[in-house]
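To start, the structure under review is shown below, and the notes come after it.
Every number here is computed from the coordinates shown, using simple stated rules; none is lab data. Because the structure is predicted, anything quoted here is derived from the model rather than measured. Neighbour counts run over all protein chains shown; Cβ positions are idealised from the backbone, glycine included.
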Amino acid sequence: MDNLRLTLAIVLSMVVFFLYQYFFVPRPDVNLPGEAQQIEEVQAASVPSAEPVSSSAPPAPASTFTPALEQASVRAAREIMVDTPLYRAIFTEQGAGLVSLTLKKYREAQNKDSQPKQVVNLPPGIGTLLTTMEKGSLGNLESAVFHARDIDNISVQDQARSLVFTWTAPSGVLVEKTYTFHPETYVMDCQFSLANNTVNPINDRLSVILANTIPTDKSSSIVFNGPVALVNHSLDEIKVTEKKPLNTQEGVTGWIGLTWRYFMSAVVFEEAREGNVRATLDPVDNVVQTRFTGQAVVVSPGQTFTSTHKAFFGPKESHVLDQAGLGKALHFGFFHVIAKPCLWLMNQMYRFIPNYGIAIILLTLLIKIAFWPLGNKSYRSMEKMKKLQPLMTELREKYKDDKQRMNQEVFALYKTFKVNPMSGCLPMVIQIPVFIGLYKMLYSAIELRHSPFFGWITDLSAPDRLFHLPFAVPFMAEPYGIPVLTLIMGASMLLQQKMSPPPGDPTQAKMMMLLPLVFLFIFINFPSGLVLYWLVNNVISIAQQYYIGKTSS
């Protein structure tokens, strides 16, 4: 059973090492032969028909990528700025879409003179919040030049304000898009209406399009980035890559979105709609898109069709997402059942003690209290194992040439002294899911973004660095500095390792003593909030183990 602790320790270290390798080691971009041709072929099919189609005409090819907002032949499209207490947005008459949005309460970097956080950042000629008719019955709505009724910039301070875009198709159909902005929310009200002033019915499917630029920060890949949707009451993360730039989902859809580490954009339907969700990636412009296409609608001559939804551009805070109808958008993967309650507890503690570092310490203490009885049992077993070490050493020496007999005698020794060697390994086993759940939570919780603890730890979502070194440090991601908290954490692991009963095999004992060093190099780039949790967990475990050792002697 001596190999059990070593095996579990190696498993835990491999889990952490995998996280480090997968999420922090940059991977080269590889373009496969023929990929560019594939993208060109898909893009060639993305231009919808500009001619109206009747209900009996075959559907035109659906747009795959976000089309460029073409330069109007009649007049240049104008831009309108909308300023609210929470964000500043820029809309364009080209497609009546959104081209830029910055959040006033968040900044790109931690320093005070940093620019506001831009959550919609698209290349020139590309917009988001676009709408189109999938069969092209009105031409290309995404590039049509609408007319903004109120061309002046809009200031939303005390009451809601609206921005109305109108466009008349060559066939005479009147299209109107209305955005309504509220002063104290990140949610916009959106309305699309189509007045059929022609003599022919319109039979088509309405599509709503979200687009944004993919973040260049590779470390953010620990959480899913890209297209998401609530389909059939469950969250779907729709992965698109350069190898597979198109992915679709079918079903009853509550909302579609684009999610990043701390922020997201979404279109939320008041009632779930049956339809198709299509996610696409344009690697040329580095733009990803989520498009929802609903069921066919028929608009008879003289009738008006109206569709409403809400748009959200903001932070992934629990209460903010809940108010926007996006509660399921904040998800922490397989261990969500652990991470979500931990986030709630941490936020509740922050209400009384406004320091997230202290909240993490208190959260760690609560977790240790929850497992305190199990820890006591494990540490008592470890103390018994320590007392049996001389006898076990004698047995190994006596039966070193007969492994089977040696194992039989060792098990008999365990039975005689009523020792369960596996119980000493339980704390390590239990910590694996808790560690992963907390890791995902602490990494992606926007509450920790730019949140200081004390001293040199000014951002709990970033690695701790004391001073800035002018040279590169092996295994360390920028910025280079002294990882004080991580070094203390490594020392606590070393002390805890020394307090544990050593394996009988000297080689295994040396390997166990090297594990704290391995963890030190792995944790060197982890967020300081996670390192703080692991350090506090170690300190409490050392105190508990010391207390059990004293009372058991």
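Residues whose amide H comes within less than 5 Å of that of LEU138, counting only those at least five positions distant or on another chain, are MET133 (H built at 1.01 Å from N in the peptide plane). Going by neighbour counts of Cβ atoms within 10 Å, the residues ASP402, ASP83 line up, fewest first, as ASP402, ASP83.
Describe numerically, in nm with one decimal, the distance between label points set 7 Å from Cα along Cα→Cβ at THR304 and at ASN355. Those two pseudo-labels are separated by 5.9 nm. The label point for ASN121 and the one for ASN376, both projected 7 Å from the Cα toward the Cβ, are 5.3 nm apart. When each of the peptides 115-123, 231-239 is scored by the mean number of other C-beta atoms lying within 10 Å of its residues, the order from highest to lowest reads 115-123, 231-239.
The Cβ shell under 9 Å around ILE209 holds other residues with a net charge of 0, Lys and Arg each +1, Asp and Glu each -1. The string of couplings for segment 223-234 from the Karplus curve (6.51, -1.76, 1.60, θ = phi - 60°) is 10, 5, 10, x, x, 9, 7, 9, 10, 6, 6, 10 Hz, one whole number per residue in order, with x for Gly and Pro. Each peptide in 391-398, 301-308 was scored by the mean count of other Cβ atoms within 10 Å over its residues; highest first, the order is 391-398, 301-308. On the beta carbon distance between TRP344 and LYS105, with R0 = 22 Å, the FRET formula returns roughly 0.55. With a simple spin-label model that places each label point 7 Å from the Cα along the Cα-to-Cβ direction, the separation between ASP401 and TYR546 comes to 4.7 nm.
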